[in-house]
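The values are calculated or read from the model by the stated rules, or taken from the named source; none is laboratory data. Because the structure is a prediction, the values reported are computed rather than measured. No Cβ is skipped: glycine too gets one built from the backbone with ideal geometry, and neighbour counts run over all protein chains shown.
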Amino acid sequence: MTTLKLNNGLEIPSIGLGTWKSKPGEVRDAVATALRAGYRHIDCAWIYGNEREVGEGLREVFEEGTLSREEVWITSKLWNDRHAPEDVGPALQESLDNLGLEYLDLYLIHWPVAHRRGTVLPKTADEQLSLDERPLAETWKAMEELVDERRCRSIGVSNLSRKKLEGLLPATRIRPAMNQVELHPYLQQPDLVEYCKKENILLTAYSPLGSRDRASAMKGDDEPVLLEDPVVNAIAERHGSPARVLIAWALARGTVVIPKSVNRERIRHNLTAAEVALSEEEMNQLAKLDRARRYVTGAFWALENGPYTMDKLWDE
Ligand code: A2P
């Protein structure tokens, strides 16, 4: 398994198993299958509602005795209603307890969006807090303390624009090691990729396969289907499958990538993308597919008269 070096010197396995949308009844087997197949990185989050079952899958394999906790990279994420500094440590502890772990390898602020404590998904704007009321820099200080306490080895962010990173960096004592964002050939974000490279912040590409299994409320009517893209499919004739092409594309750009699957064959298949070498010509063809198309639009945070609009969320 290839790794990428974070700005704190640690190495993160380049392909991780995504667990967003994996149902509790399916994810234990998915995690155990992935680890037995050679995955060494599992991407989790409190909001996915399945951390307990992810933990069961981890335990199942650790108990076999051939793989130890230290050999696996485990990421989780702080939910939006726990941004108050005093809530950050207990939120991490909840994820650790769910997962049955003593420490995380990486803990991320999941969204640059804050809710009132106890509001998991806000329905009205009065359940939200603006970033002026709940600044990311203050949440970040509490994240830094988790590293001091050795409860997680690295900290980072997710869904942050270049502008928000630029705002956060001067306020940090420990720099974010990671920004996890949506990245695939339809959403290539060249400016953000270049900026993060310059600032030595790694990117993780989420929804690398286009996340077709999102809830219908999160889907647009006329959404282009990434896995069915004709260019991706033409290239796939030489490399085995569209999924392999998309994962190899993410690796070729120097990003970590976290394809989600709960199917044993597809879990194993996706890991083999590490063997795919795309030619310069193929990378050029894929570069032309960019259409700045988000599948995870964040529209659910843009509530009437609320502090978050799509423009402010992505700074676009
Ligand atoms: P499944 O879990 O049944 O395998 P993303 O990683 O972009 O969120 O995409 C996840 C979606 O892609 C899920 O619907 C998942 O289904 C599907 N998927 C995962 N691996 C493959 C693959 N190799 N080929 C086709 N679809 C895949």
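With the requirement that a residue be touching a strand residue (DSSP E or B) at 6+ places or on another chain (Cβ under 9 Å), outside any strand (DSSP E or B) and under 20 Å from residue 289 (Cα atoms), what does segment 195-214 give you? Outline the logic, then answer.
Applying the first criterion (touching a strand residue (DSSP E or B) at 6+ places or on another chain (Cβ under 9 Å)) to segment 195-214 yields 196-197, 201-211, 213.
Remaining after also requiring outside any strand (DSSP E or B): 196-197, 201, 207-211, 213.
Within segment 195-214, 207, 208, 209, 210, 211 meet the criteria.
Within the option set 129, 96, being at pLDDT 95 or above, surrounded by 20 or more Cβ atoms within 10 Å (Cβ to Cβ) and within 16 Å of residue 42 (Cα to Cα) holds for one residue only, 96.
Does residue 252 satisfy the criteria of being surrounded by fewer than 22 Cβ atoms within 10 Å (Cβ to Cβ), of a type in the set (A, V, I, L, M) and either within 9 Å of the ligand (Cβ to nearest atom) or under 24 Å from residue 198 (Cα atoms) (or both)?
On the way: surrounded by fewer than 22 Cβ atoms within 10 Å (Cβ to Cβ): yes; of a type in the set (A, V, I, L, M): yes; either within 9 Å of the ligand (Cβ to nearest atom) or under 24 Å from residue 198 (Cα atoms) (or both): yes.
In short, yes.
Check whether at least one residue in segment 212-228 is loosely packed, with under 14 Cβ neighbours inside 10 Å, more than 18 Å from the chain's Cα centre (by Cα) and of a type in the set (Val, Ile, Thr), and report yes or no. Checking segment 212-228: at least one residue is loosely packed, with under 14 Cβ neighbours inside 10 Å, more than 18 Å from the chain's Cα centre (by Cα) and of a type in the set (Val, Ile, Thr). Restricting the first member to segment 140-152 and to residues that are free of Cβ contacts under 8 Å to residues at least 60 places away in the same chain, and the second to residues that are assigned to a loop (DSSP other than H, G, I, E, B) and among the aliphatic types (A, V, I, L, M), the beta-carbon pairs closer than 9 Å and six or more apart or on different chains are 140/174; 142/84; 144/174; 147/174; 148/174.
Considering segment 27-57, the residues that are of a type in the set (Asp, Glu) and closer than 20 Å to residue 206 by Cα include one that is nearest to the chain's Cα centre (by Cα), namely 43. Do we find a residue being over 20 Å from residue 267 (Cα atoms) and touching a Cys at 6+ places or on another chain (Cβ under 8 Å) anywhere in segment 204-221? No, there is no match, as no residue in segment 204-221 is over 20 Å from residue 267 (Cα atoms) and touching a Cys at 6+ places or on another chain (Cβ under 8 Å).
A quick yes/no check of all residues on (1) surrounded by fewer than 21 Cβ atoms within 10 Å (Cβ to Cβ); (2) not in a loop (DSSP other than H, G, I, E, B):
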| position | (1), (2) |
| --- | --- |
| 9 | yes, no |
| 30 | no, yes |
| 36 | yes, yes |
| 42 | no, yes |
| 54 | no, yes |
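Picking from residues in segment 259-274 that are within 9 Å of the ligand (Cβ to nearest atom) and among the β-branched types (Val, Ile, Thr), the one that is farthest from residue 16 (Cα to Cα) is 262. Candidates 138, 94, 102: the one that is in a loop (DSSP other than H, G, I, E, B) and either within 14 Å of residue 82 (Cβ to Cβ) or out of contact with any Phe, Trp or Tyr (no Cβ under 7 Å at 6 or more places or on another chain) (or both) is 102.
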